[in-house]
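The values are calculated or read from the model by the stated rules, or taken from the named source; none is laboratory data. The shown structure was predicted, so the numbers you read here are calculated from the model rather than taken from an experiment. In this analysis, Cβ positions are derived from the backbone assuming ideal geometry, glycine residues included, and neighbour counts consider all displayed protein chains. Ligands, DNA and RNA are excluded from the accessible area calculation, which covers all protein heavy atoms including side chains. Shrake-Rupley method; radii C 1.70, N 1.55, O 1.52, S 1.80 Å.
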Amino acid sequence: MKRLDDDLAKLARRYARFASVEARDSSPSYERLARQVAQSNELLEFIAALPPERQQPNLFLAALRATGELPHGNGALEEIIRLNGERVRQVMLTHATQTNEPSRCAVLLPALATLPQPLALLEVGASAGLCLLPDRYAYDYDGIRISPSGEGNAPAPVFPCTVNRHTPVPQRNIDVAWRAGLDLNPLDVHAAADMSWLRTLVWPEHHDRASRLNAAIEVARSDPPRVVKGDLRGDLPALAATAPKEATLVVYHTAVLGYLREQADRSNFAAMVRGLGAVWISNEAPFVFPELAKNAAAAPSPDMFLQAVDGVPVAWSGPHGQSLHWFG
Ligand SMILES: C[S@@+](CC[C@H](N)C(=O)[O-])C[C@H]1O[C@@H](n2cnc3c(N)ncnc32)[C@H](O)[C@@H]1O
């Protein structure tokens with residue numbers, strides 16, 4: 001009984017943290033609903049009955065939207081779960097939080113542009129591969145515009161990104177000779193159900209993100225990046241071996257390594273990338289590599305990601321690619 005109470009209390013803290021750190025000032029509806037969960041034993045028990053890796057706030061809230069409208073008013077969320085809980089549960093059991101945020105290319109581009117070109121891009125945890133196309137998008141760094149490298153068949157989205165004075169804003173886009181992704185469950189840009197789920201994962205008030213996601217999907221559909229099914233813990237070397245030797249191999253990941261529960265798995269992955277002789281760009285929440293976060297300047301806000309190149313922290317980045325604070 002005590003164990004159950006502890007589990008529910010932990011889950012309540014997780015949802016309360018999501019409300020106050022991640023959703024606050026970003027999504028009023030998600031902030032409100034996550035707080036309701038944190039304060040309701042009935043809702044906490046519903047979520048706690050799912051496997052631990054299926055209890056994330058993002059997954060629960062997206063499943064609510066996938067099965068109907070977001071509820072308003074006191075008690076409405078409990079009512080929905082009483083009436084519709086089984087459908088919500090099924091979505092949570094069969095889908096994962098694979099949010100593919102192409103805007104994150106805006107925070108990757110400065111580091112990519114400092115490397116010898118052309119590049120061989122290998123993204124682990126690539127979802128639908130939308131972050132494998134940095135050269136095919138446009139950017140606006142506080143008024144400095146960067147165009148796509150080549151002519152595409154679909155109009156390129158423009159990703160705005162605020163920067164500080166230390167950020168090495170590139171002069172031009174990058175040259176990509178080769179690209180490939182690795183994911184446990186690659187999403188297919190041509191599959192309507194996969195793309196509908198990606199759209200549902202964008203938070204409700206984020207209309208600009210949603211329209212840029214749609215534009216990025218069209219860019220990807222005109223020439224889809226290859227995303228191979230596999231586990232970053234074991235399948236990376238075989239895929240890396242297929243990259244052309246004359247290009248600079250870059251292995252990168254954003255919002256992925258937090259899915260590895262064991263710190264040892266993350267450290268082993270880092271050692272594996274170094275063993276490949278690849279450049280390694282990590283763009284992750286600071287808890288992923290606490291020893292790197294320890295050596296970084298204080299974050300401008302608690303939801304920021306830490307970017308590191310070859311194990312050296314270089315910047316704090318907005319979690320949706322909206323800002324980049326390079327270290328002086
Ligand atoms: C939140 S999404 C991020 C997608 C993309 N990196 C982005 O920033 O838009 C995390 C992705 O990592 C993948 N993933 C999680 N664990 C993985 C593993 N062990 N090996 C390969 N992919 C993994 C998930 O399937 C999911 O598509």
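Tabulated data for the structure shown
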| read-out | value |
| --- | --- |
| At q = 0.15, 0.21, 0.26 Å⁻¹, base-10 log of I(q)/I(0) for segment 2-94 (Debye sum, equal scatterers on each alpha carbon) | -0.51, -1.04, -1.58 |
| Rounded to 10°, Cα long-axis angle of helix 28-38 versus longest principal axis of the chain | 50 |
| Carbon and sulfur %, accessible surface of segment 2-94 computed with the full protein complex present, 1.4 Å | 48 |
| Degrees between helix 76-94 axis and first principal axis of the chain (Cα, 0 to 90, nearest 10) | 40 |
| For S323, distant residues with modelled amide H under 5 Å away | T162, G318 |
| Part-to-part distance (alpha-carbon centres) for segment 185-252 and segment 1-69, which is given in Å | 27 |
| Modelled label reach - A193, point 7 Å along Cα→Cβ, segment 205-232 residues with backbone N closer than 19 Å | 229 |
| Residue-normalised accessible area of the chain, given per residue in Å² at a 1.4 Å probe | 45 |
| Estimated [θ] at 222 nm from DSSP helical runs (n ≥ 4, -39500 (n - 2.57)) normalised by residues in the chain, nearest 500 | -11500 deg cm²/dmol |
| Packing rank of 299-309, 102-112, where each peptide gets the mean count of other beta carbons within 10 Å, highest leading | 102-112, 299-309 |
| Mean Cβ neighbour count within 10 Å, used as a protection proxy, ranking 132-141, 168-177, 73-82 highest first | 132-141, 168-177, 73-82 |
| At R0 = 30 Å, FRET efficiency that the Cβ-Cβ distance of A298 and S26 yields, to 0.05 | 0.90 |
| 3J(HN,Hα) from dihedral phi, segment 162-167, Karplus parametrisation 6.51/-1.76/1.60, rounded to Hz, x for glycine, proline | 7, 10, 9, 6, 8, 5 |
| Summed side-chain charge close to V91 - residues other than V91 whose Cβ falls under 12 Å, Lys, Arg +1, Asp, Glu -1 | +3 |
| Three-way shape label, the chain, alpha-carbon gyration tensor, a/c 1.5 | prolate |
| Calculated from backbone phi, Karplus (6.51, -1.76, 1.60) coupling profile of segment 50-66 in Hz, x at Gly/Pro | 8, x, x, 6, 10, 9, 5, x, 4, 6, 4, 5, 5, 5, 4, 5, 5 |
| Residue-by-residue Karplus 3J(HN,Hα) for segment 173-183, coefficients 6.51, -1.76, 1.60, Hz, glycine and proline x | 6, 9, 9, 10, 8, 7, 8, 7, x, 10, 8 |
| Angle in degrees between helix 263-275 and the longest Cα principal axis of the chain, rounded to the nearest 10 | 10 |
